[in-house]
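Report on the following structure.
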Amino acid sequence: MSFREILSAIRATNGTVPEVRAVRRKYSSQLRELSGDAMLALATKLARTGDVLARFAGYELVRFHPAAFALLDANAVVALGEGMDSWDAVDAFGSIISGPAWKRDQIGDALVISWARAKDRWWRRAALVSTVTLNRKPPANDHVQRTLEICATLVDDRDDMIVKALSWALRELSKANADAVRRFVNDHRESLAPRVKREVGNKLTRGTKR
């Protein structure tokens, strides 16, 4: 089974997540005996095609291949994230690869903090999106402190992609610890973008960002 065959199958879909995921499931089944190293190499190649659908499918191939996912470390995770240039690419990376790897302590806090301080807007967004997984049930150890450290690093960032991700990160944390989010918003009220204060405030009082 060739890389080109898999890429062609992905590109033949209508571009919706259900269709791409159906293709991914097919190849997950067919490639279940593939070594972890080989699956990581395949996924990295898919991620570097410049096709966001191929990137998404590659990430899921790793996520649902236990041997490949177990090999995720800082180098492998960064390699999978290289070339991200859109919010959907970043959100797939953070939700499927970096967030779960961080939650399992396969990558360290220092790496994600370094992304939050990066010049590249997409790596900064990746740092925030990665926190979302930390706060989903069951939450990671020290999930509140780890999430708020990333949020505090980016509290003054006015890039629209970062503002939206900061709101998302805080809203997700509020499901697990609303009091911590209230304190954070109060402590950083002068620095937070109006959108963040509005959406997070709505989430805390009404249960929805709107």
Legend entry - Every residue from the stretch 13-35 that is surrounded by 10 or more Cβ atoms within 10 Å (Cβ to Cβ) and either in a loop (DSSP other than H, G, I, E, B) or not assigned by TED's automatic domain parsing to the domain that holds F56 (or both): T13, G15, T16, L31, R32, L34, S35
Inset, instruction - Report, ordered by the first and then the second residue, all pairs with beta carbons closer than 7 Å, sequence separation of six or more or different chains, a first member in the stretch 164-192 that is under 13 Å from T147 (Cα atoms), and a second member that is hydroxyl-bearing (S, T, Y) and crowded, with 18+ Cβ neighbours inside 10 Å. - result: A169/T131; A169/T147; L173/T147; V181/S174
Inset, instruction - Just name the residue that is nearest to F93 (Cα to Cα) out of those in the stretch 22-71 that are among the β-branched types (V, I, T) and in contact (Cβ under 8 Å) with a residue 40 or more places away in the chain. - result: V52
Inset, instruction - Would you check if L148 is part of a helix (DSSP H, G or I), under 18 Å from S130 (Cα atoms) and in contact with a Phe, Trp or Tyr (Cβ under 6 Å, 6 or more places away or on another chain)? - result: yes
Inset, instruction - Give just the number: which of (1) assigned to a helix (DSSP H, G or I); (2) at pLDDT below 95 does L173 not satisfy? - result: (2)
Inset, instruction - Could you tell me whether the stretch 149-161 includes any residue that is surrounded by 22 or more Cβ atoms within 10 Å (Cβ to Cβ), modelled with pLDDT of 95 or more and within 30 Å of M39 (Cβ to Cβ)? - result: yes
Inset, instruction - Among the residues of the stretch 44-83, count how many are hydrophobic (A, V, I, L, M, F, W, C), assigned to a loop (DSSP other than H, G, I, E, B) and over 15 Å from the mean Cα position of the chain (by Cα). - result: 2
Inset, instruction - Check the stretch 59-70 and report whether any residue there is of a type outside the set (K, R) and loosely packed, with under 14 Cβ neighbours inside 10 Å. - result: yes
Inset, instruction - Would you tally the residues in the stretch 126-164 being within 19 Å of R189 (Cα to Cα) and among the small types (G, A, S)? - result: 1
Legend entry - Exclusive hit being within 23 Å of A79 (Cα to Cα) and among the basic types (K, R), set R121, R171, R158: R121
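The values are calculated or read from the model by the stated rules, or taken from the named source; none is laboratory data. Given the structure is predicted, the values throughout are model-derived calculations rather than measurements. Here the Cβ is made from the backbone with ideal geometry for all residues, glycine too, and neighbour counts use every protein chain on show.
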